[in-house]
Amino acid sequence: MTSNVAMTTTTGRPAVTAAAAVLALGVLAGCGVTVPTDPDGTLDRVRGGELRVGVSPHEPWTVPVPDGTPTGLEVDLVEGFAQSLDADVVWTTGGEEELVGDLERGALDLVVGGFTASSPWTSKAAVTVSYVTVTDPDGKPEGHVMLTPMGENAFLVELERYLLDQEVQAP
Amino acid sequence: MTQGAVEQSFRFGNTELPPDARDAARKAKRLAWLTIAFLVTAVTLVYLVMGSSQAMKAAWAEDLLSFIPPIAFLVALRVTGRVPSEKHPYGYHRSVGIGHLVAATALLTMGAFLVFDSVSGLLAGEHPPVGLIVVLGHEIWSGWLMVIVLAYTCVPAVLLGRAKMPLAEQLHDRVLHADADMNKADWMTGVGGIVGVLGIGVGLWWADSAAALFISASILHDGVKNLRSAVAALMDARATTVDGSEPHPLGGAIDETLRGLEWVGSAASRVRDQGHVFHVEAFVVARDGMPTQEQLQQAWDAVTDLDWKVEDLVVVPVDELPEELLPGLRRHP
């Protein structure tokens, strides 16, 4: 309702409209809404619950272990992130396409597998900021990222803050 | 901008501009360059913070399209300055119309594309991801940066638009008018974008596509409006005021001036807008027989003294006003 206030005043003067937008935001903030918020509440669900993570093999970032918890640099990062949210990780191993499909359907919260910022999955998943930059075989710098569900921005920002805080060194 | 440009004299073909119009042209030229400089900063900043927001993409496209009118204005100003030649006896005034048509077509196409894009985003339920960005070592939600950048793009555009509007009227330049009109409305794009980004922030995924739809609809509206008036002028419609809203008062003034001459029985003219200046064919019926050469010259001088826009004038003495050339006579005999 509060966003309607800002929309309908766009016929007025810019200053008035800007004031209305700020007011609307203030009202929302007063109601205890944090910015950004998840449309589907992923962060709230994961906190104190379970973090459903898809993992696609890509050494040394992710190393699948038959009948066991995978290992690797990104697996350690995810475990640490889950711990910061007091959540348990549930691992699903699979191919990239299958895992990204699960992410889109809302069956997974996070997919790791040594993805880079130039990943072709950016139209189907939200990519985090690059948490570490390595040099690819062609000698070009390449940022490594993880994939989260589209538009779950509170969850995305929480994960990004965690990843940046770790100050990961290139393997 | 450069020294040479300031000293350059302004003319529209054979028409040497009077000093106040010359100042207006000079000022308009400076404002066009200023607009281009502002747009370069706006386009760069919006591109840097755009991310996956549809609304930001639409705002960016609008900024990019906003380059066309000032560039078209500057090109047209240069081209119309040429003196008519044997090959181009009517001069180069139509370049304004061409510039206007090109700008309108670009707006229309881009507007239609963006409306389609945002509607399909809305229907597909696309949830735009907006994450962190690291600026000078600080982690900040990119939504805040988008809001700041959009707020920045609002202010100079409105000021430029307001400054250009009276110049467009004075110079009778439709491209400059379209440019000023778009600039003046640009704050709506900014505010629409801000509402969309804040909507994402509070978890309303559809706010972004809805804001994008609002912005693209305004681009489309600009396109349709400008295409109409550009085509009308190129089709030799009756000369109108620069915003195309009503018949130009000079049309009536020319007829009245001619009718006011004591030897003239009746007079009517047809006036078309060539871009900046008018082309006038005036038909006069003398009270008794054929007017003398002096009387015709007097009529010519009286009309061309009205305004600098009226120099391309033909005065035709006739027995009877030709209805087939002056369709207005049928309605106002």
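Details
- Lone qualifier among B:Gly125, B:Gly143 - being more than 29 Å from the chain's Cα centre (by Cα), open to solvent by less than 40 Å² (accessible area, probe 1.4 Å) and facing another protein chain (nearest Cβ under 7 Å): B:Gly143
- Residue check for B:Ala239: farther than 30 Å from A:Gly41 by Cβ, over 17 Å from the mean Cα position of the chain (by Cα) and open to solvent by less than 50 Å² (accessible area, probe 1.4 Å): no
- Verdict on A:Glu160 being open to solvent by less than 30 Å² (accessible area, probe 1.4 Å), more than 17 Å from A:Glu50 (Cβ to Cβ) and of a type in the set (Asp, Glu): yes
- Count of residues meeting criterion [assigned to a loop (DSSP other than H, G, I, E, B) and surrounded by fewer than 22 Cβ atoms within 10 Å (Cβ to Cβ)] in region A:46-60: 6
- From the options B:Gly190, B:Gly199, B:Gly137, residue that is within 13 Å of chain A (Cβ to nearest Cβ), without any contact (Cβ under 8 Å) to a residue 40 or more places away in the chain, over 30 Å from B:Gly13 (Cα atoms) and open to solvent by less than 10 Å² (accessible area, probe 1.4 Å): B:Gly199
- Close pairs from region B:217-244: first under 16 Å from B:Leu108 (Cβ atoms), partner assigned to a loop (DSSP other than H, G, I, E, B) and open to solvent by 30 Å² or more (accessible area, probe 1.4 Å), Cβ under 7 Å, at least 6 apart: B:Ser229/B:Gly244; B:Ala232/B:Gly244
- When each of A:Val75, A:Val65, A:Val33, A:Val27 is tested for being at the interface with another protein chain (Cβ under 10 Å from one of its Cβ atoms) and at pLDDT below 95, the lone residue that passes is A:Val33.
- Complete set of residues in region B:98-122 that are touching a Phe, Trp or Tyr at 6+ places or on another chain (Cβ under 8 Å) and within 14 Å of another protein chain (Cβ to nearest Cβ): B:Leu122
- Evaluated against (1) on the phi > 0 side of the Ramachandran plot; (2) open to solvent by 20 Å² or more (accessible area, probe 1.4 Å); (3) touching a strand residue (DSSP E or B) at 6+ places or on another chain (Cβ under 8 Å); (4) not acidic (Asp, Glu), B:Gly289 falls short on exactly one condition, (3).
- Candidates are the residues of region A:133-154 that are closer than 19 Å to A:Gly113 by Cα and surrounded by 19 or more Cβ atoms within 10 Å (Cβ to Cβ); the one that is farthest from the other protein chains (Cβ to nearest Cβ) is A:His144.
- For region B:322-331, the criterion of being among the small types (Gly, Ala, Ser) and open to solvent by 40 Å² or more (accessible area, probe 1.4 Å) is satisfied by at least one residue.
- Single condition B:Glu311 does not satisfy, out of (1) open to solvent by 40 Å² or more (accessible area, probe 1.4 Å); (2) in contact with a helix residue (DSSP H, G or I) (Cβ under 7 Å, 6 or more places away or on another chain); (3) within 12 Å of B:Ser266 (Cα to Cα): (3)
- Qualifying residue in region B:113-131 (condition: of a type in the set (Asp, Glu), more than 30 Å from B:Ala28 (Cβ to Cβ) and part of a helix (DSSP H, G or I)): yes
- Residue-level analysis places B:Gly201 among those that are of a type in the set (Gly, Ala, Ser) and either in the same structural domain as B:Leu64 (by TED's automatic domain parsing) or under 20 Å from B:Glu62 (Cβ atoms) (or both).
- Residue among B:Lys164, B:Lys184 that alone is charged (D, E, K, R), within 20 Å of B:Arg30 (Cα to Cα) and within 14 Å of another protein chain (Cβ to nearest Cβ): B:Lys184
The values are calculated or read from the model by the stated rules, or taken from the named source; none is laboratory data. Only a predicted model underlies this, so the values are computations on that prediction, with no experimental measurement involved. Because the Cβ atoms are built from the backbone with ideal geometry, glycine has one as well, and the counts that use them run over all protein chains shown. Just the protein is used for accessible areas: all its heavy atoms, side chains included, with ligands, DNA and RNA removed. Shrake-Rupley method; radii C 1.70, N 1.55, O 1.52, S 1.80 Å.
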